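The values are calculated or read from the model by the stated rules, or taken from the named source; none is laboratory data. Given the structure is predicted, the values throughout are model-derived calculations rather than measurements. Don't worry about glycine lacking a Cβ; one is built from the backbone with ideal geometry, like all the others, and counts go over all protein chains shown. For accessibility, only protein heavy atoms count, side chains too; no ligands or nucleic acids. Shrake-Rupley method; radii C 1.70, N 1.55, O 1.52, S 1.80 Å.
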Amino acid sequence: MDEDAGALPKKQDFSEWYNELLWRAEIMDVRYPVKGLYVWFPYGFAIRKFVYQRLHELLDRDHKEALFPLLIPEQEFMKEAEHIKGFEDEVYWVTHGGTTPLDVKLALRPTSETAIYPMFALWVRSHADLPIKIYQIVNTFRYETKQTRPMIRAREITSFMESHTVHATWDEAEAQVESEIALTREFYRSLCIPVIISKRPDWDKFPGADYTIAVDTIMPNGKTLQIGTVHHLGDHFSRTFSIQYEDKNGEQKVAFQTCYGISERCIAALISMHGDDKGLILPPAVATLQTVIVPITIGKRHDDVMAAAEKLKSDLEVAGLRVNLDTRDMRPGAKYYWWELRGVPLRLELGPRDLDAGKAMAVKRGGGKTTISLATAAGDVTRVLGEITEEIRAKAEDHTKSHLCTVDSMDALNAALNEGKVAVVHWCRERGCGDAIEEKANSSLLGTDVRSDYIEATDGLCIICGKPGKATLVGRTY
Ligand code: 5CA
Ligand code: ZN
């Protein structure tokens, strides 16, 4: 892309920065002629590949991957009353096969409970069949009416990871919820994305769930983004879909379930959290390229430098690192700009003088220079990449800490939100007080039971009615 396109001021207008970066760094093309549907450019899709590889790795420890159909017959979709209510305005329907009207309308899955659970009813017979823990990574469709944004609010969610589990008891399902939360934390730790976990208020839980635990992150503009949700489904769906098992005493029992979802919002968060005025910054674990070598070849040392650069590349590759040797016929400065925009965490510059000294200059994408020794390149680069990961994580954690506060009055809440912060307040859990907080502060009650490494959440008196209340996270959300 154009070298003279100029800096991308992130602080000034985050939303504009995000859109411009998706275009310049070739992540997504938003020009597809259907609103809310976006095209992954190859570079964006390569980032997705590494991020989702990590997600697969974590899930495969304890889940099995499966694949269910995209189309759901109307009668299955319409079985669970709360679920229908929650999704009816968002479902796309397939009504024709060619020119023939279908006998049974088919829903494009907005999520797959009603595709999967009729099959679970067939799969589960006895206690020996339990637990079942499956996941799939698929596209889902939601006719979103709030403003659509690439990866953040799409009408085709292209990268929807949904896990569905079945258990003998409510308690086992609860333990599974905790294990999915732990998995999510570990996933986001690899992406260096700080998260805050809380229990959504009852009116905001997943349609058909006993309770919903949400994972939020604080975006650069102070708005929160829900980047994952884990739902305890109790026996709502298993009763509706007759997911039953024979226990050890030969009695028929209704099963208990959980489901859990993560979408390409994880990549929206990755890009937003770490990027800067020069473009993307990718943590080494998920960077498409972890290091790029830029040879500085002047005059007659050209061949020496190129040979050393090739050797360096192969040493790093043998150690399992993702490396590019940029031999394009461009000025070094233009190459620097190119790779900075694309977020490569480490650049190695190798010129004649470096070669003579047995070294290469190592420039960290997030700032800072050091040198590595050509003799021990793989070890040195691995160490520097480790430092980079810690630096990226620390910066994101600082951002998160500095955007969190505790307040004890509506005025203070409004002031905090207006400064782009997310606040912990105390709330008595009465709907009326909850509505008052949301309305008066033009905000959302994100949840109670706050779990975060970045702020302490202790009980106190409700900021509306003064009765004993619980620590509750309040923010302005996407
Ligand atoms: N069946 C459950 C768990 S799989 C479910 O659908 N939960 S959900 O509705 O909360 O969606 C899971 C996650 O997908 C959300 O936490 C959110 O991070 C993400 N998500 C939801 N809607 C969209 C959308 N329109 N675009 C991108 N991501 C979305
Ligand atoms: Zn109250």
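Structure notes:
- Members of the stretch 251-279 that are open to solvent by less than 10 Å² (accessible area, probe 1.4 Å) and either in contact with a Lys or Arg (Cβ under 6 Å, 6 or more places away or on another chain) or within 11 Å of ligand 1 (Cβ to nearest atom) (or both): GLN257, THR258, CYS259, TYR260, ILE262, GLU264, CYS266, ILE267, ALA268, ALA269
- Pair list, Cβ < 7 Å and 6+ apart or interchain, from the stretch 67-84 residues that are among the aliphatic types (A, V, I, L, M) to residues that are in a loop (DSSP other than H, G, I, E, B) and open to solvent by 70 Å² or more (accessible area, probe 1.4 Å): ILE84/MET78
- Inside the stretch 291-331, residues that are assigned to a helix (DSSP H, G or I) and modelled with pLDDT under 95 make up a count of 6.
- Residue among ASP171, ASP202, ASP210 that is within 16 Å of ligand 2 (Cβ to nearest atom) and open to solvent by 10 Å² or more (accessible area, probe 1.4 Å): ASP202
- Residue pairs whose Cβ atoms lie under 7 Å apart, separated by 6 or more positions or on different chains, with the first residue in the stretch 16-38 and closer than 12 Å to ILE267 by Cβ and in the same structural domain as ARG153 (by TED's automatic domain parsing) and the second among the polar types (S, T, N, Q) and outside any loop (DSSP other than H, G, I, E, B), are TYR18/SER272.
- Here THR371 does not fit the description of being more than 30 Å from ASP276 (Cβ to Cβ) and either within 16 Å of ligand 2 (Cβ to nearest atom) or part of a strand (DSSP E or B) (or both).
- Among the residues of the stretch 361-381, those that are more than 35 Å from the chain's Cα centre (by Cα) and open to solvent by less than 50 Å² (accessible area, probe 1.4 Å) comprise SER373, LEU374.
- Taking the criterion of being farther than 24 Å from ALA115 by Cβ and of a type outside the set (Asp, Glu), the residues of the stretch 228-252 that qualify are LYS248, ASN249, GLY250, GLN252.
- Restricted to the stretch 446-478, and to residues there that are touching a Ser or Thr at 6+ places or on another chain (Cβ under 6 Å) and within 16 Å of ligand 1 (Cβ to nearest atom), the residue that is farthest from LYS223 (Cα to Cα) is GLY447.
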